[in-house]
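The structure under discussion appears below in the form of structure tokens.
The values are calculated or read from the model by the stated rules, or taken from the named source; none is laboratory data. Here the structure is a predicted model, which means the values were calculated and not measured. All Cβ positions, glycine included, derive from the backbone under ideal geometry; neighbour counts span all protein chains shown. For the accessible areas, the whole protein counts, side chains as well, though only heavy atoms, and no ligand, DNA or RNA atoms are used. Shrake-Rupley method; radii C 1.70, N 1.55, O 1.52, S 1.80 Å.
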Amino acid sequence: MIGIIRSLGRWGLSTFERLGRGHLFLVQILAGIPGLFLRFSLVIQQLFSVGVLSVLIIAVSGLFVGMVLSLQGYYVLVDFGAEESLGVMVSLSLVRELGPVVSALLFAGRAGSALTAEVGLMKSTEQLSGMEMMAVDPMRRVIAPRFLAGFISMPLLAAMFSAVGIIGAFLVGHGLLGVDDGAFWSQMQAKTDWYDDILNGVIKSIVFGFVVTWIALYEGYDALPTSEGVGRATTRTVVHSAFAILGLDFVLTALMFGEG
Amino acid sequence: MPLIKIRDLHFSRGDRVIFEGVNIDIHRGKITAIMGPSGTGKTTLLRLIGGQLHPDKGTIEVDGQNVHQLSHSGLYALRKRMGMLFQSGALLTDLTVFENVAFPLREHTDLPESMIRDLVLMKLQAVGLRCARDLMPNELSGGMARRVALARAVTLDPMMIMYDEPFTGQDPISMGTLVNLIHRMNDAMGLTSIVVSHDVDEATEIADYVYLLSGGKVVSEGSPVDLKRSSSQWVKQFMQGLPDGPVPFHYPGVDFKEDMLNPEVSP
Ligand SMILES: Nc1ncnc2c1ncn2[C@@H]1O[C@H](COP(=O)(O)OP(=O)(O)OP(=O)(O)O)[C@@H](O)[C@H]1O
Ligand SMILES: [Mg+2]
């Protein structure tokens with residue numbers, strides 16, 4: 001019994017310690033960001049590996065999610081004779097929810113895990129200490145550019161996910177199921193609100209990008225410098241990011257759409 | 001005044017005491033060798049000097065500045081004047097050999113590309129790897145990687161260099177070249193060098209002064225000649241590599257016989 005309480009206490013302490021270190025880490029990252037504007041090429045390199053290399057998986061997944069949404073939506077709507085509203089249904093689901101959430105989950109799996117593994121390996125092969133001894137702060141040289149790149153990429157990827165999804169939905173809805181294209185687009189345009197829907201979706205994806213990149217970099221930086229440690233840190237990145245995304249999505253949705 | 005002054009240094013990792021009361025002076029323009037059995041904390045000592053680890057007690061002064069009381073920017077300014085050769089090389093794996101050596105120049109100076117090229121090729125020539133400049137670190141052997149790291153450690157022309165095991169993994173030819181190179185750089189550039197090594201012969205050949213560390217203490221110090229003539233059992237054993245003597249070969253712990261006879265004591 002005492003043993004259980006003791007290990008519970010130890011777990012609690014180490015969790016809070018990690019949380020504390022994670023926040024200090026964030027403060028250090030943010031302190032490193034202003035300097036990046038003088039050396040933006042560092043960020044551009046990372047934008048490529050974090051953002052551009054994620055485009056394919058985001059676009060393909062977006063396409064299929066849009067197509068499936070369209071199929072499922074059609075079968076429900078057609079019973080009420082409301083298949084003309086397919087466009088609105090798809091665009092609202094994508095822009096408000098699925099775009100930010102699914103693309104963030106994919107981003108955590110594709111880019112987040114890669115960031116953790118990369119930083120963890122740099123740590124375990126002493127590249128980070130090597131930089132420190134060359135008077136180059138790894139926080140500024142390695143971590144901050146990756147953070148900024150993740151932060152910038154995520155909303156763009158989410159927007160791309162939604163856009164490709166809508167195209168997929170249109171292809172299935174109009175091409176396969178024969179929904180009128182005029183109605184599809186005009187209803188979508190009329191009912192999708194710039195502020196309520198699009199902006200809120202963008203805010204979500206900005207928050208997710210921030211959190212996922214932060215988790216990924218922290219896990220890498222804090223990983224035990226062994227192969228097993230890096231492997232575990234990579235898993236943790238994906239799992240913690242998924243929890244964070246889904247939990248925050250609920251909170252943000254309640255805040256944004258709750259009173260409406 | 002010595003360049004590095006270590007006084008009453010105490011440091012432990014968890015329960016394991018690494019240093020208890022170490023005093024070391026590193027004199028300017030000299031090559032000082034730090035020797036000791038594996039696991040005594042030679043690498044740890046270099047990290048303490050570089051400010052990557054903090055002592056539990058005691059002070060380390062480099063060029064009159066207490067390393068562990070410097071601000072972040074003060075410490076980084078000091079590190080620009082320190083070169084360090086890591087035991088593992090610590091090359092940046094996503095950059096070529098050339099870019100690795102150019103890295104400190106690109107980070108800390110605004111030199112034009114042509115000058116960076118000249119400087120880098122000069123340093124690579126000195127370690128015999130000028131024509132390996134387009135290789136990636138994973139295409140190098142361990143010994144080559146260490147020579148690249150050496151070239152990189154001196155690109156900023158620091159006031160001092162700490163070499164962590166520069167000779168391990170080198171064939172006799174590059175070993176001779178390295179010994180020569182360390183010597184020449186020290187004399188020509190007026191560097192101060194700290195060489196951590198197990199290679200008694202090489203280390204005593206180039207060093208002006210030697211510290212022998214063991215069990216968290218400085219067991220002996222002096223010029224190589226003094227140490228070779230020392231009458232202490234410990235020094236004799238270490239310098240001649242005898243298996244029997246006061247230096248323990250084993251990591252401290254339970255007695256071997258006891259360990260074998262009592263499997264339930266420790267798994
Ligand atoms: N990250 C660490 N965490 C815990 N203990 C460590 C760590 N790094 C080193 N140690 C311990 O500190 C002691 C000194 O290690 P260090 O690497 O300084 O030895 P060394 O003298 O450089 O040995 P070698 O000659 O084999 O390189 C060792 O006993 C090691 O077990
Ligand atoms: Mg060592």
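Here's the picture: charge each Lys and Arg Cβ at +1 and each Asp and Glu Cβ at -1 in the range B:117-233, and of B:G222, B:N186, B:L135 the one pushed furthest to the positive end of that dipole is B:L135. Under 14 Å of direct C-alpha separation, and excluding same-chain neighbours fewer than eight residues apart, B:K80 reaches these aspartates and glutamates: A:E132, A:D137, B:D63, B:E107, B:D157.
Students often get this wrong, so check it: of A:K123/B:K57; B:K42/B:K217; B:K5/B:K42; B:K5/B:K30; B:K236/B:K257, which have C-alpha atoms separated by over 19 Å? Walk me through the intermediate numbers first.
Numbers: A:K123/B:K57 27 Å; B:K42/B:K217 11 Å; B:K5/B:K42 16 Å; B:K5/B:K30 14 Å; B:K236/B:K257 28 Å.
Long pairs (Cα-Cα over 19 Å): A:K123/B:K57; B:K236/B:K257.
Here is how the number arises for the protein assembly as shown: DSSP H runs of 4 or more residues each give -39500 (n - 2.57), the sum is divided by the residue count, and the result at 222 nm is -17500 deg cm²/dmol. By the combined test of axial Cα extent (at least 24 Å) and Kyte-Doolittle hydropathy (mean at least -1.0), the qualifying DSSP H helices of chain A come to A:2-32, A:55-79, A:144-170, A:200-222, A:227-257.
Relative to the present Cα-Cα distance, how much length would full extension add between A:I203 and A:V251 at 0.36 nm per residue of separation? Walk me through the numbers on the way to the answer.
Working: separation 48, 0.36 × 48 = 17.28 nm, distance 1.26 nm.
Residue separation times 0.36 nm, minus the Cα-Cα distance, leaves 16.0 nm.
Any idea which of A:I166, A:M131, A:L98 is furthest toward the positive side of the dipole for the range A:90-185, if Lys and Arg beta-carbons carry +1 and Asp and Glu beta-carbons -1? Among A:I166, A:M131, A:L98, the one farthest towards the positive end of the dipole of the range A:90-185 is A:M131. A crude spin-label estimate for the pair B:R81 and A:Y195, with each label 7 Å from Cα along the Cβ direction, gives 6.0 nm.
How big is the range A:180-219 by the Kirkwood estimate over distinct Cα pairs, in Å? One over the average 1/r among Cα pairs gives 12.2 Å for the range A:180-219.
Counting charges near A:Y75 (Lys, Arg +1; Asp, Glu -1) among other residues having Cβ under 15 Å from its Cβ returns a value of -3.
In the protein assembly as shown, what % of DSSP beta bridges are antiparallel (nearest 5)? Mind showing how you got there, number by number?
Numbers: 20 of 37 bridges.
About 55 percent, rounded to the nearest 5.
Top to bottom by accessible area (1.4 Å), largest first, where do A:R10, B:R47 land? Present the calculation step by step, with values, prior to reporting the outcome.
Working: A:R10 150, B:R47 35 Å².
Accessible-area ranking of A:R10, B:R47, largest first: A:R10, B:R47.
Which listed residue (A:L246, A:I33, A:L71) has the Cα farthest towards the positive end of the charge dipole for the protein assembly as shown, taking +1 on Lys and Arg C-beta and -1 on Asp and Glu C-beta about the Cα centre? Of A:L246, A:I33, A:L71, it is A:I33.
The GNM of chain A, with springs linking C-alpha atoms under 10 angstrom apart, assigns the highest mean-square fluctuation among A:K123, A:K204, A:K191 to A:K191. Taking a quarter of the surface of the Cα convex hull of the protein assembly as shown gives a mean projected area of 33.9 nm². Remark: the B:R7-B:Q240 segment gains 81.0 nm on full extension, using 0.36 nm per residue and subtracting the alpha carbon distance. Looking at the range B:4-230, the pairs of alpha carbons with a distance over 29 Å make up 27% of the total.
In whole Å, what three semi-axes, largest first, describe the equivalent ellipsoid of the range A:158-260 built from its Cα gyration tensor (square root of 5 times each eigenvalue)? Numbers along the way, then the final one.
Working: eigenvalues 278, 68, 19 Å².
The equivalent ellipsoid of the range A:158-260 has semi-axes of 37, 18, 10 Å.
Of the two radii for the range A:2-257, the radius of gyration is 1.07 times the Kirkwood radius, both from the alpha carbons; that is the Rg over Rh value.
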